[in-house]
1. Can you find, among Thr133, Ile71, Gln55, the residue farthest towards the positive end of the dipole of the chain? Put +1 on the C-beta of Lys and Arg, -1 on that of Asp and Glu.
2. Can you tell me the dipole magnitude for the range 169-271 around its Cα centre, using point charges on the Cβ only (Lys, Arg +1; Asp, Glu -1), in Debye to the nearest 20?
3. What does the C-alpha gyration tensor say about the overall shape of the range 130-257? Classify as rounded when a/c is under 1.5, otherwise prolate if a/b is larger than b/c, or oblate.
4. Based solely on its DSSP helices, what 222 nm [θ] is calculated for the chain when runs of n ≥ 4 H residues each add -39,500 (n - 2.57) and the sum is averaged over all residues, nearest 500 deg cm²/dmol?
5. Using the beta-carbon distance between Gln246 and Glu13 and R0 = 35 Å, what value does 1/(1 + (r/R0)^6) give for FRET efficiency, to the nearest 0.05?
6. Considering only protein heavy atoms and a probe of 1.4 Å, how much of the accessible area of the chain is carbon and sulfur, as a whole percent?
7. Could you do me a favour and compute the accessible area per residue for the range 130-257, 1.4 Å probe, result in Å²?
8. At 7 Å along the Cα-to-beta-carbon direction for both Glu264 and Arg195, put a label point, then send me their distance in nm to one decimal.
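The values are calculated or read from the model by the stated rules, or taken from the named source; none is laboratory data. If you're wondering where the values come from, they're calculated on a predicted model, not measured in any experiment. Methodologically, a virtual Cβ is constructed for each residue, glycine included, from the backbone with ideal geometry; neighbour enumeration extends over all protein chains shown. All accessible areas refer to the heavy atoms of the entire protein, side chains included, with ligands and DNA or RNA removed. Shrake-Rupley method; radii C 1.70, N 1.55, O 1.52, S 1.80 Å.
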Amino acid sequence: MKAVGVVDFGGPEALQLVDLPEPPDAEKGWVLIRVRSAAVNPADLAMRSVRGPAQPESPPYIFGMDAAGVIEQIGEGTDTKLKVGDEVMAIVIPQGSYGAYSEQIVVPVESVAPIPAGTTLAEAATLPMNGLTARLALDELALKPGDTLAVTGAAGTLGGYTIQLAKVDGLTVIADASEADEQLVRDLGADHVIRRGKDFGGQVREIVPDGADAVLDCALLDDLVVPAVRDGGAVATVRGFQGDAQRGIVFHPVYVPKYTRESEKLDRLRQQVDDGQLTLRVARTFPAEHAAEAHKMLEAGGVRGRLVLEF
């Protein structure tokens with residue numbers, strides 16, 4: 001089968017089409033998906049650049065954490081309402097030659113949900129990893145209706161899902177944006193939009209003088225977001241950052257593998273798309289063989305919505 005990956009880690013030019021053996025039959029608790037669309041995420045860029053300590057030594061290395069396609073096989077005895085032929089989306093944790101940038105992939109049934117009604121497979125592929133990351137961050141922060149959440153990187157895919165989910169949870173949202181993205185972020189539901197930049201904390205304090213109850217730092221500002229948080233507040237981070245303990249602030253590094261077998265949560269995200277509470281955004285699609293171009297575009301910045309590879 002066709003897949004996209006690298007033999008040697010490096011820049012986008014390292015990506016190439018490779019031939020892999022077809023995956024084994026799905027066993028009990030697993031499903032085989034014919035992948036049609038795979039989203040390109042910043043995490044893919046990081047994994048492509050250098051071999052991580054958990055990666056095996058034998059290439060090729062396949063990436064991709066979001067897949068959407070058609071179920072071709074369900075392991076015998078699997079307890080599920082899904083059927084062969086259903087269009088589904090799945091979250092994938094790449095390892096070695098296993099990743100969503102593949103024509104076929106076998107995943108746990110708990111990692112799969114139907115795609116939202118009326119959406120394309122490309123649109124559905126933008127939801128699992130980023131949607132579950134946003135949901136996990138909000139669950140970790142455990143805010144109450146009426147609390148204030150500040151969001152960095154709000155115009156991005158993760159930031160956008162966070163704003164929309166936070167509003168469903170009854171939170172007041174302060175979000176950053178460039179001048180060009182301000183209307184987009186307002187349309188996503190932010191109550192207050194501040195200018196993107198290093199003075200994030202100061203701008204948040206102009207709106208809530210005591211500080212926000214929590215921050216989700218999608219833009220990797222790290223220590224720069226701490227001044228935005230009230231004493232005893234919380235910060236959720238997506239690349240493992242944990243700041244120094246100060247003013248009783250609690251840091252919550254968010255790792256989406258915690259929710260990779262939470263099919264009820266993924267299906268809830270599907271329902272929220274159906275209900276108009278979440279917006280799926282595809283910036284552009286690429287044939288799988290043009291994956292290097294997609295990675296270059298994402299690395300250049302300024303992409304609003306997800307780039308998606310199509311097989």
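1. Thr133
2. On the way: 13 positive and 19 negative charges, 70 e Å.
Dipole size: approximately 340 debye.
3. Values: a/c = 1.33, a/b = 1.12, b/c = 1.19.
In terms of gyration-tensor shape, rounded.
4. Working: 8 runs with 75 residues, N = 311.
Value at 222 nm, helices only: -7000 deg cm²/dmol.
5. Working: r = 43 Å, r/R0 = 1.23.
Rounded to the nearest 0.05, the efficiency is 0.20.
6. Working: 6220 of 13090 Å².
So the carbon and sulfur contribution to the accessible surface is 48 percent.
7. Values: 5100 Å² over 128 residues.
The answer is 40 Å² per residue.
8. Taking the two extended label points, one gets 4.6 nm.
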